[in-house]
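Read through the structure below, which is laid out as structure tokens, and then see the notes.
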Amino acid sequence: MPLTLSKTRPTALIAAAALMAATALVAPQAPWAADRQTLNDVSVADMAETLLPSVVNISISQEGDSETGRGPIPKVPEGQPFQEFFEDFFDGEGGSGNRPVSSLGSGFIIDPSGIIVTNNHVIENADTIEVTLSDGKTLDATLLGVDDKTDLAVLKVEPDAPLPAVRFGDSRKVRIGEWVVAIGNPFGLGGSVTLGIVSARGRELDGPYDNFIQTDAAINKGNSGGPLFNMDGEVIGINTAILSPSGGSIGIGFSVPSELAENIVDQLVEFGQTRRGWIGVRVLDVSDDVAGSLGADDPAGVVVGSIIEGGPSDGGPFEEGDIILSFDGHAIETPRDLPRFVAESRIGEAADVEIIRDGERMTVQVTPQLLDDPEEVGTDATAGEDEVPTDEGVQPGLPVTVYGMTLGELDDNGRAVYAIEGDVEGVLITDVETGSAAADEGLEPGMVIVEVEQEGVSSPQDVRSRIVKMISEGRRSVSLMVAAPDGALRIVSLVLE
């Protein structure tokens with residue numbers, strides 16, 4: 001029964017007010033409301049006091065040019081994220097005579113024996129490297145190794161006594177909005193602590209393995225190489241870059257996540273270089289059109305566009321047109337995901353890969369091999385704009401289904417079955433699904449696809465990869481030159497829906 005407010009029934013009004021008040025008292029709180037007092041009173045004083053001794057200042061020197069009297073101006077390596085805004089604290093841009101150029105950055109101790117992590121751009125091209133501890137003591141440092149793809153470097157000092165070290169945390173557990181603490185050497189001011197939150201995750205800038213944590217904790221010139229801590233005092237990122245037209249913090253800083261950094265640091269300590277894996281495939285985005293043409297229900301994953309001849313996948317287990325859904329338990333959502341997860345995998349150990357092939361979900365295994373050639377970095381990624389996927393490394397003779405057509409090799413058996421003239425060359429259509437795009441264009445078994453978009457084709461995989469390429473470029477139709485068994489040619493336009 002609805003409640004009616006009336007001047008003649010003040011008791012009803014009072015009762016309604018009481019009911020509303022009681023309801024307000026017992027209304028459920030937002031899940032974070034109980035923590036509001038804690039957030040208002042958050043303090044990192046105890047944590048900072050414990051962590052500060054593990055963060056160090058790093059200075060380098062480079063000999064200047066005796067002819068010009070000026071030292072070389074340190075700069076960010078080509079290809080580093082946000083190169084025009086990549087800030088570090090450098091001196092020595094002027095002056096006369098052959099004097100050393102110096103720069104300052106940050107680092108942190110990960111082993112009491114004196115192993116220190118920093119950024120590659122902090123120590124690049126250094127003639128000497130010095131590390132200043134929190135107590136003011138300065139030690140000479142030796143460079144153990146660098147990885148310019150992720151801008152990481154590892155140093156070693158020889159202390160008289162064990163040094164206070166910090167440990168890596170799991171950046172995969174970090175949530176947007178969580179509190180984080182940055183400690184470093186901004187503008188040459190050692191031991192500075194700033195507090196903020198994680199603003200975003202998975203930021204991709206320019207590098208092939210980018211997966212940055214974005215934070216609004218103040219990061220300035222000289223913070224490069226310093227740690228980003230979670231509230232448990234674990235390193236979940238290495239502060240690397242800022243976006244700042246002014247040169248100072250505007251609340252957009254980027255950190256290499258520990259999930260990427262820890263493995264690289266371990267390799268630099270053990271081998272002096274990074275040992276990345278690759279599987280030798282080029283992949284493309286999966287649009288709705290591509291998914292439909294390859295027998296998938298949704299556009300998840302990435303599609304194998306081509307297989308690199310002589311690579312780890314040459315001869316199997318992949319085929320062009322396979323949709324890769326996951327690698328070693330990691331979901332693959334974009335072409336950038338695959339090379340990153342493959343690079344972090346164990347070389348020489350088989351990894352499970354979940355794929356869709358011709359509409360059927362299955363799991364295959366591939367063994368990543370050592371990526372020897374730095375130029376091959378990113379080959380397990382999107383093919384270049386001018387690069388057409390081929391059938392390199394694909395086993396011949398396997399049938400392919402695309403847009404309602406089942407395609408096979410044009411061999412002697414096929415010529416005999418369909419009475420195909422000897423001068424006809426191309427890819428044989430062995431079946432056409434009723435109601436398909438191919439059927440709508442009048443294509444029939446026994447016809448031969450001679451060209452796709454005016455380029456000759458010689459294998460079923462070649463036809464599919466060309467069509468996939470057209471779709472990835474946004475094409476809505478593809479031109480096919482088709483030969484009848486008697487050699488008569490005609491051109492059809494296959495609508496890619």
Any idea which residue in segment 46-62 is modelled with the lowest pLDDT, counting only those that are assigned to a helix (DSSP H, G or I) and over 22 Å from G177 (Cβ atoms)? D46
For residues in segment 418-433 being in contact (Cβ under 8 Å) with a residue 60 or more places away in the chain and surrounded by fewer than 21 Cβ atoms within 10 Å (Cβ to Cβ), which is nearest to M447 (Cα to Cα)? Y418
Can D358 be described as surrounded by fewer than 18 Cβ atoms within 10 Å (Cβ to Cβ), at pLDDT below 85 and either farther than 22 Å from E259 by Cβ or in contact with a Gly (Cβ under 9 Å, 6 or more places away or on another chain) (or both)? yes
Consider segment 315-355. How many of its residues are of a type in the set (D, E, K, R) and at pLDDT 85 or above? 6
Spans of helices (runs of 4 or more DSSP H) in segment 403-497 with at least 2 residues touching a strand residue (DSSP E or B) at 6+ places or on another chain (Cβ under 9 Å) and under 22 Å from G321 (Cα atoms): 437-440, 460-472
Of the conditions (1) closer than 21 Å to V402 by Cβ; (2) β-branched (V, I, T); (3) assigned to a loop (DSSP other than H, G, I, E, B), the single one that V303 does not satisfy is (3)
Please specify each residue of segment 126-151 satisfying the condition of being among the acidic types (D, E) and in a strand (DSSP E or B). E130, D140, D147
Counting only residues in segment 165-190 that are in contact with a Pro (Cβ under 9 Å, 6 or more places away or on another chain) and surrounded by 15 or more Cβ atoms within 10 Å (Cβ to Cβ), the one farthest from N223 (Cα to Cα) is identified as V174
Meets criteria (at pLDDT below 85 and either farther than 30 Å from N223 by Cα or β-branched (V, I, T) (or both)) for L284: yes
Checking E455 against (1) in contact with a helix residue (DSSP H, G or I) (Cβ under 8 Å, 6 or more places away or on another chain); (2) surrounded by 13 or more Cβ atoms within 10 Å (Cβ to Cβ); (3) among the charged types (D, E, K, R), the condition it does not meet: (2)
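The values are calculated or read from the model by the stated rules, or taken from the named source; none is laboratory data. None of the values given here were measured: they were computed from a predicted structure. Don't worry about glycine lacking a Cβ; one is built from the backbone with ideal geometry, like all the others, and counts go over all protein chains shown.
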